[in-house]
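Notes to accompany the following structure.
The values are calculated or read from the model by the stated rules, or taken from the named source; none is laboratory data. Not measured: the values here are computed from a predicted model. Don't worry about glycine lacking a Cβ; one is built from the backbone with ideal geometry, like all the others, and counts go over all protein chains shown. The area values use the complete protein model at the heavy-atom level, side chains included, leaving out ligands, DNA and RNA. Shrake-Rupley method; radii C 1.70, N 1.55, O 1.52, S 1.80 Å.
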Amino acid sequence: MAERILKLNRTNVLGALALTGVLGLTLGTLIAVALRADGAGAFGPADWAAIRFTLWQAALSAVISVILAIPVARALARRSFPGRGFLITLLGAPFILPVIVAVLGLLAVFGRNGIVSQTLIWAGLEPISIYGLHGVVIAHVFFNLPLATRLILQGWLTIPAERFRLAASLGFGPDDIQRVLERPMLRGVLPGALLVIFLICLTSFAVALALGGGPRATTVELAIYQAFRFDFDLGKAALLALVQFAMGATAALIALRVAVPGGIGTGLDRAVRRWDGGIALVLQDVLCIGFATLFLVLPLTMILLDGAPGLVRLPHPVLWAAGRSILVALASVILTLSLALPIAALAVRHRSRLVEGIGTLTIAASPLVIGTGLFIVIFPLADPFALALPVTALVNAAMALPFALRVIVPVLAGIETDYGPLADQMGLTGTARFRHLWLPRLRRPLGFTAGLAGALSMGDLGVIAMFADPERATLPLQLYRLMGAYRMEDAAAAALLLLMLSLLMFWAFDKGGRVDADA
Amino acid sequence: MLTLEDLHIVMDDFTLDADLSVETGACVAVLGPSGAGKSTLLMAIAGFLPLTSGRILWGGAPMPDTPAKRPISMVFQDNNLFPHMTAFDNVALGLRPSLRLTGPERGQVENALARVGLTGLGDRKPGQLSGGQAARVALARVLLRNRPLLLLDEPFGALGPALRTEMVALVKDLVTETGATLLMVSHEPEDAREIADQVILVAEGTAHAPVPTAKIFADPPAALREYLGK
């Protein structure tokens, strides 16, 4: 077997290199942060408030998203209607939707001058405020209601059709079906869904940056940014970064123990055939689907309406920022794939859950923590602000890596199971195996992954906010600055541009993976 | 000569023992109930399974560790062709894994395809071929690799009776042409009668030494009788 191990060396070396990179980015930056945090003082009341607010808004967002998602998922599971497939695809869209764009859309609906407030004023009532806890939770629900719906819908569709047939033959009504079939399924699915959303909301930065702030609505991530950007208190930023990592890691560890359902699954395109219920249920389902659709589509429609007129006369800085964003996104795609492929290969070759686990470490890390760490490391060596764009691309790639592995590893494992013996028999090793077996058969997942990584990077407003000076803004940061300056017309146009670029980025790569790909 | 020397394989609660040899140029059918270890035996010979103990020798020398370096062509139960490659490339792999072929080598590939009756179908991908044609592509590659030991692990199991008979006849022709030693796993005693002059019976965790086909069918041992149902 010695020869076999020797032959696999390339996999081992490249995989080990990629893993080292990931470990350096996550644990390495954390160590840098920890060393730096040593000299910082104790927590002040503001820090405790930030921790409390972070946990509270994440819990609230998770619970509300899931509670609202249950009836929507149920309605989607048992109704078949034209446009259902499209709607379910749309539920996947928030994942690649730039956060800052959605925030602008939500402002247009729920903001002070938004549709809802205008209607309330017209009716002689108080307008609502979207800033603070409300706003943060509304935005998080906007992003995570679709995710929760997809996760729960998946649960619904795992109930075998035969069970529903059996239930029908036994004369079950909707209540009986709920008790016997649906509640046990929900008990299995909901904890995982809650945890995933809690984790996402725990590390979300852009929403808090745009809608939070002030003593009563500052998250830990936002506090890191403020300590860094406004006070340039690296010790404080580092201390907060440790807290953020601890919270993320704890939630991620719990999430690992609870079976977390896969978020990007397919096969949601069929409805469960059921025989129970009457017109009241139909009405209830129509309302659920209708409201959910409105909640998701309205903010995006507002972006489209408000942004379209200004699109042709976008200011030059916005266009430059767009160019930079495209470059950063493309670099991030390349980095994501060059991390994901060697790690996936190593994980599959050694059937190692540990390798894959290390690869997904970044899910617990927060971009701002990594950013703080990188800053501390780079600061003595070079001007970190000059490296804002490369650092952004790298951090974005690290953030996309867990999703990339989730997509690539199972497919690669399948390829090796099915064609590994044949390839071994032909002596298809090294580059030849990569070119003639992996690459052609991985085209679809690679295209999808690249699209995901590109779109995520395109819309990211995280570490760039820490590092960038005015000359090096990406499009999301430029958009944030326009919003801060109340140039809402330009902001809407920039948001529309960003939205189009993100979708284009995803579409182009995903399509590229599908063209001429053999089943 | 292929020699299995005190071969012992343990996988979970499954074991397989073999201590036998096969003459060079022999055509051997591997028969036995399903789950007895017929495929395991072939996979071990091809180098895909670690041996718990024992050795596998070819011509008195131990086999190399890497499957591709063994003097073996193997046709599996399924997944014998890469679906994203043309029939031509699938065959060409047998010559050069890098697929960088010289002119004469391209000719060799074309000849192999022609020999199995697939002239002009080299550009098709497996999805555009019938089951019988796909099996022929795999055999064309076997022909091209020209290794002295051919292992067939029920490669025609998914084909209908007429097609299978046709493929078995083709295998017989190829083996006769190349002088290769053949080990073929089959469910069908008919195949054994058709092609094999010897039979290895695999039953109850043991692969028995080869016995002349006529003899074993004339007086089947208990395990084979049970399997045949008579």
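Across A:CYS288, A:CYS201, the residue with the most accessible area heads the list, and the full order at a 1.4 Å probe is A:CYS288, A:CYS201.
Accessible area ranking (1.4 Å probe, heavy atoms, ligands and nucleic acids excluded), largest first, for A:HIS316, B:HIS187, B:HIS8: A:HIS316, B:HIS187, B:HIS8.
Here the accessible area is traced with a 1.4 Å probe on the protein chains. For region A:76-181, carbon and sulfur cover 63 percent of it. Identify the residues of region A:405-422 with backbone N under 11 Å of a label point that sits 7 angstrom from the Cα of A:LEU439 along the Cα-to-Cβ direction, or state none. Inside the label zone: nothing. Across chain A, the mean sequence separation of Cα contacts (distance under 8 Å, 6 or more residues apart), normalised by length, yields a relative contact order of 25 percent.
Comparing each chain alone with all protein chains together (probe 1.4 Å, DNA, RNA and ligands left out), the residues of region B:19-49 losing at least 40 Å² of accessible area are B:PHE48. Per residue, the convex hull around the alpha carbon atoms of region A:426-519 comes to 115 Å³.
Here's the picture: charge each Lys and Arg Cβ at +1 and each Asp and Glu Cβ at -1 in the protein assembly as shown, and of A:LEU341, A:PRO402, A:VAL463 the one pushed furthest to the positive end of that dipole is A:VAL463.
When nucleic acids and ligands are ignored and a 1.4 Å probe is applied, A:ASP231 ends up with an accessible area of around 110 Å².
Largest accessible area first, the listed residues B:ILE45, A:ILE64 line up as A:ILE64, B:ILE45 when surface is computed with a 1.4 Å probe on the assembled protein chains. For the peptide B:90-99, the mean number of other protein chain Cβ atoms found within 10 angstrom of a residue's Cβ is 4. Per the Cα gyration tensor, chain A maps to an equivalent ellipsoid with semi-axes of 34, 34, 23 Å, ordered largest to smallest. Relative contact order for chain B: 30 percent, from Cα pairs under 8 Å spaced at least 6 residues apart, divided by residue count. Distance between the modelled labels on B:SER53 and A:GLN118, one decimal in nanometres: 8.6 nm (7 Å Cα→Cβ projection). Rolling a 1.4 angstrom probe over region A:399-504 with all protein chains present gives an accessible area of which 61% lies on carbon and sulfur atoms.
Between A:ASN113, B:LEU139, A:ALA492, the Cα set farthest toward the positive side of the dipole of the protein assembly as shown (charges on each charged residue's Cβ, about the Cα centre) is that of A:ASN113. Solvent-accessible surface (1.4 Å probe) assigned to B:GLU166 amounts to roughly 90 Å².
Here region B:76-230 yields Rg over Rh of 1.03, to two decimals, using C-alpha coordinates and the Kirkwood radius.
Note on the protein assembly as shown: lysine pairs with Cα distance below 22 Å, sequence gap of 8 or more or different chains, count 7. If you plug the beta carbon distance of A:LEU381 and A:LEU327 into 1/(1 + (r/R0)^6) with R0 = 25 Å, you get a FRET efficiency near 0.60. Only the Cβ atoms of Lys and Arg (+1) and of Asp and Glu (-1) were treated as charged; on that basis the dipole of chain B about its Cα centre amounts to roughly 860 debye.
Interface burial in region B:54-68 reaches 30 Å² or more for B:ASP65, B:THR66, B:PRO67, B:ALA68, comparing the full protein assembly with the chain by itself; accessible area from heavy atoms with a 1.4 Å probe. Distance from the Cα centroid of region A:327-395 to that of region A:158-195 is 41 Å (rounded to whole angstrom).
To the nearest 10, the accessible area of A:ASP176 is 50 Å² with a 1.4 Å probe. Excluding ligands, DNA and RNA, the accessible surface per residue across the protein assembly as shown is 43 Å² with a 1.4 Å probe. Eigen-decomposition of the gyration tensor built on the alpha-carbon atoms of region B:1-58 gives equivalent ellipsoid semi-axes of 18, 14, 9 angstrom, largest listed first.
With the simple model of a label 7 Å out from the Cα in the direction of the Cβ, A:VAL180 to B:SER21 spans 6.8 nm. Given 5 Å bins starting at zero, what is the percent of C-alpha pairs of region A:23-172 in each, up to the one with the largest pair distance? Calculated P(r), rounded to whole percents: 2, 8, 10, 12, 13, 14, 13, 9, 7, 6, 4, 2, 1, 0, 0. Across the accessible surface of chain B, with the other protein chains kept in place and a 1.4 Å probe, carbon and sulfur atoms take up 50 percent.
When B and A come together, around 2200 square angstrom of accessible surface is lost from both chains combined, probe 1.4 Å. Over region A:434-519, Cα pairs under 8 Å with separation of 6+ residues give a relative contact order of 51 percent.
Taken about its Cα centre, chain A carries a charge dipole of about 1080 debye when Lys and Arg each add +1 at the Cβ and Asp and Glu each add -1 at the Cβ.
For region A:393-431, a drop of 20 Å² or more in accessible area on going from the chain alone to the assembled protein chains (1.4 Å probe) is found at A:ASP418, A:TYR419, A:PRO421, A:LEU422, A:ASP424, A:GLN425, A:MET426, A:GLY427, A:LEU428.
In terms of its C-alpha gyration tensor, region A:294-453 comes out prolate, because a/c is 1.5 or above and the ratio a/b outweighs b/c.
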